[in-house]
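> Below is a structure I'd like to ask you about.
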Amino acid sequence: MAPPELEPVRVRRWSLAASATAGSAAVVLAVLAAVPYFIGGPAEQPLIIAFTFIAMATLWNLLAGFSGLTSFGQNAYIGAGAYGLYLVASHGVNPFADIAAAAVISGLVALPVSALLLRLSGGYFAVASLVVAAVFQIAVTLAPSVGGTTGVSVPGLGGYDPVLREALTYWAAMIVAVVCVVGVFLLVRAGFGMDTRAVASDPVAAASLGVRVGRIRLLAYLAAALGTGAVGALIALQTMFIEPTSVFSIQYSVEMLFMVLVGGMGTIEGPIIGALILFALQQTLSQNGAWYLVLVGGVAVAATLTVPRGLWGFVSDRWGWSLFPVGYQVRDRREEA
Amino acid sequence: MTWVNAVIQGVLQGGIYALIACGLSLAFGVMRVVNLAHGDLAVCGAYLALVLSTGLGVPVWYVLPLVLPAAFVVGMGLQVLLLRRALRGGEFATVLVTFGLSVMIENLLLVGATANDRVFNTGAIGVASLHIGSQITLPWLFVAAFLTACGVLSGLQLVLSRTSWGRKVRAIADDIDTARLVGVRVGPLFATVAGIAVATAALAGVFIGAIGNFNPLTGTTMLIFAFEAVVIGGLGSLWGTLVGGIALGVTQVVVGEINQAYAVLAVHLLFLLVLAIRPAGLFPSGQQARVAQVLG
């Protein structure tokens, strides 16, 4: 029997490297999940920070890298998530169960904001997002019911044994990071991803090809707000105290920018790498707040100018590596044979 | 009469916001650069003036002839060394680069000058007031700031509309490729525009420091106010920017008269309101929402 006629090319969406990534990620996650049993507190505290970094970078990449929305006001949603957690937890709900609720609150808050902000683009969108974060912060300081300028402590945590509390926060942070990375990966791999990238590279051309630009930008914005809200809730759980100047700190936005730029915008791998680099910097320099930020800002500027596609972009351009394939690979069958 | 006084004081203060905003507007209109470090550059100007005026033991006004040229050179250097390279990556890259620069400047100032609030030696004019009738008292400093702002805006407007240099700038703002084709040398022009933008920012920074106080983090607030003035007034319109600045100033002072805690919030809400109902600003510059059209 003659073999069926072969198409001249084969389109692949997965690769051996991707299987290897998935496999090793599963192993790494299993090891990380066991950390509370073997090492405990000293390792948990820094790792929680690393998880929040990975989640923040991945979400900012969804905005800036995939959808062309350079928001410097994502600290608004860190704060919204933290205060969302407080509001739900103060009604007696278990604070760990509240992370999802805080994320939803943050997403709901983002809905009216998006109606205003998404009219703008580029630098104007960026500065307007700063204004929104400033409004959130001032609004909270003017509300005595959520502690005003002094802040509030997260209710409902007192009943927990400190060891258990830290372990639960740790696992919650891990889950949030994994959900963000896998969620963004799946989202970008689906049709949505093609659309977002079209919108990011040229909204007018995308619209003329039938991409619903407004809806894509809205979806990306809401998804990022939702996830960033969950990160805010985690930060509140870890610090156990919510203070307006710290949860709305623009430092979060600076860090997001750094991680995505240095790691590689518009890839799944890049933000994770950027998060790990920032984590290393933060662990060595965090005692020295101002110099830490000078360095973070400086490296971000240098990265934009010298390696515009980030470290991972540089690597994948050069060697064609892809651990999380989101695109389509076309191979010539005759060459393969 | 308190209200009349507040409104007038707000108008005068709005002039300063317009002064800082005009550089932002100019840089965007001509170079398509949204300079997120604009406010921080203004604060740098204020610190330079502080250092010089303390060092020489003179009121801050006497060191302006040193500060402004220095700011101009800094602006040119910034354009040639940094922004020109960033522009090759498109508007996106300039936004990222200037934001990174802003973070660096703020934190370097924090390291070098601490977070303490600073005040200027403003000399005799700093404490003098202008009395109109028996009720209205206006600090001379505010009057001087407003007049300076109007002077700078008119000067820019005149230069842009009447000189050959201004014609080239408008040509670039309109259509950079065509301007290049007919022989406009874009590089030096961009550098001069960046120099003017930073010099006006530094001048505004000195006035902001003179009417109140400043610290390394004042820059972000200044950027936001400048940006709001530009958007409220309508992108690309210098006089619109003045109106936008005045709207901000009046809102801030009048609401501050009722409750100081709500003053800045009210300004931001005014901005968001304008964005919601008139996204092109109060004085949109028509189809080609570009600086050039209104300036010309």
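> For every helix of n ≥ 4 consecutive DSSP H residues, a contribution of -39,500 (n - 2.57) applies; sum these over the protein assembly as shown, divide by its total residues, and give [θ] at 222 nm rounded to the nearest 500 deg cm²/dmol. Don't skip to the end; give the middle numbers.
Numbers: 28 runs with 452 residues, N = 633.
Calculated from helices alone, the mean residue ellipticity at 222 nm is -23500 deg cm²/dmol.
> Other chains' Cβ within 10 Å of A:128-134 residues: what's the mean?
5
> Given points 7 Å out from each Cα along the Cα-Cβ axis, report the A:VAL182 to B:TYR62 separation in nanometres with one decimal.
So the label points at A:VAL182 and B:TYR62 sit 7.1 nm apart.
> Once you average over the residues of B:223-230, how many Cβ atoms of partner chains fall within 10 Å of each Cβ? Mind showing how you got there, number by number?
Values: counts 2, 6, 1, 1, 7, 3, 0, 2.
Mean partner shielding for this stretch: 3.
> At a 10 Å Cβ-Cβ cut-off, how would you order A:TRP319, A:TRP291, fewest neighbours first? Provide the component values of the computation, followed by the final result.
Values: A:TRP319 8, A:TRP291 14.
Fewest-to-most Cβ neighbours within 10 Å comes out as A:TRP319, A:TRP291.
> Compute the long axis of helix B:238-258 from its Cα atoms, compare it with the longest principal axis of the Cα atoms of chain B, and write down the angle in degrees, 0 to 90, nearest 10.
The answer is roughly 30 degrees.
> Between the range A:98-174 and the range B:18-63, how far is it from one alpha carbon centroid to the other, in angstrom?
34
> Averaged over all directions, how much area does the convex hull of the C-alpha atoms of chain A cover when projected, in nm²?
20.8
> So what are the range B:2-295's ellipsoid semi-axes, whole angstrom, largest first, if each one is the square root of 5 times an eigenvalue of the alpha-carbon gyration tensor?
Working: eigenvalues 175, 105, 66 Å².
After diagonalising the Cα gyration tensor, the semi-axes are 30, 23, 18 Å.
> Also, I was wondering about something else. To the nearest whole number, what is the average tally of beta carbon atoms from other chains within 10 Å of the beta carbons of peptide B:260-268?
Values: counts 0, 5, 2, 1, 3, 7, 1, 3, 8.
So the per-residue partner count for this stretch is 3.
> Moving on to the next point. What residue among A:THR58, A:THR149, A:THR284 shows peak mean-square fluctuation when chain A is described by a Gaussian network model with Cα springs under 10 Å?
Among A:THR58, A:THR149, A:THR284, the largest mean-square fluctuation in the Gaussian network model of chain A belongs to A:THR284.
> Now for a different question. Sort A:SER15, A:SER106 so that the residue with the fewest other Cβ atoms within 10 Å of its own Cβ comes first and the one with the most comes last.
On the way: A:SER15 15, A:SER106 30.
Fewest-to-most ranking of A:SER15, A:SER106: A:SER15, A:SER106.
> If we sort A:40-48, A:16-24 on the protection proxy, mean other Cβ atoms within 10 Å, highest first, what's the order? Each step should come with its number before you reach the end.
Values: A:40-48: 15.0, A:16-24: 12.0.
Top of the packing list down: A:40-48, A:16-24.
> Mind telling me which of A:LEU62, A:LEU120, A:LEU261 comes out most flexible in a GNM of chain A, alpha-carbon contacts under 10 Å?
A:LEU120
> Can you tell me which of A:LEU305, A:LEU157, A:LEU323 moves the most in a GNM of chain A? Springs connect C-alpha atoms under 10 Å apart.
Most flexible of the set in this elastic network: A:LEU305.
> Run the Debye formula on the Cα coordinates of the protein assembly as shown, all scatterers equal and no solvent, and tell me log10 I(q)/I(0) at q = 0.07, 0.10, 0.11 1/Å.
With no solvent term, the Cα-only Debye profile gives -0.47, -0.93, -1.10.
> So, one more: Suppose R0 equals 22 Å. What FRET efficiency, 1/(1 + (r/R0)^6) with r the Cβ-Cβ distance, do B:SER161 and B:VAL182 give to the nearest 0.05?
Details: r = 19 Å, r/R0 = 0.86.
It comes out at approximately 0.70.
> Here's something else I'd like to know. Once the Cα atoms of helix A:213-239 and of chain A are each reduced to a long axis, what angle between those two axes, in degrees from 0 to 90 to the nearest 10, is obtained?
40
> Compute the acute angle (0 to 90°) between the alpha-carbon long axis of helix A:310-319 and the principal axis of greatest extent of the alpha-carbon atoms of chain A; round to the nearest 10°.
20
Bear in mind that the values in this text are calculations on the coordinates, not laboratory data. Predicted model only: the values in this text are computed from it and were never measured. No Cβ is skipped: glycine too gets one built from the backbone with ideal geometry, and neighbour counts run over all protein chains shown.
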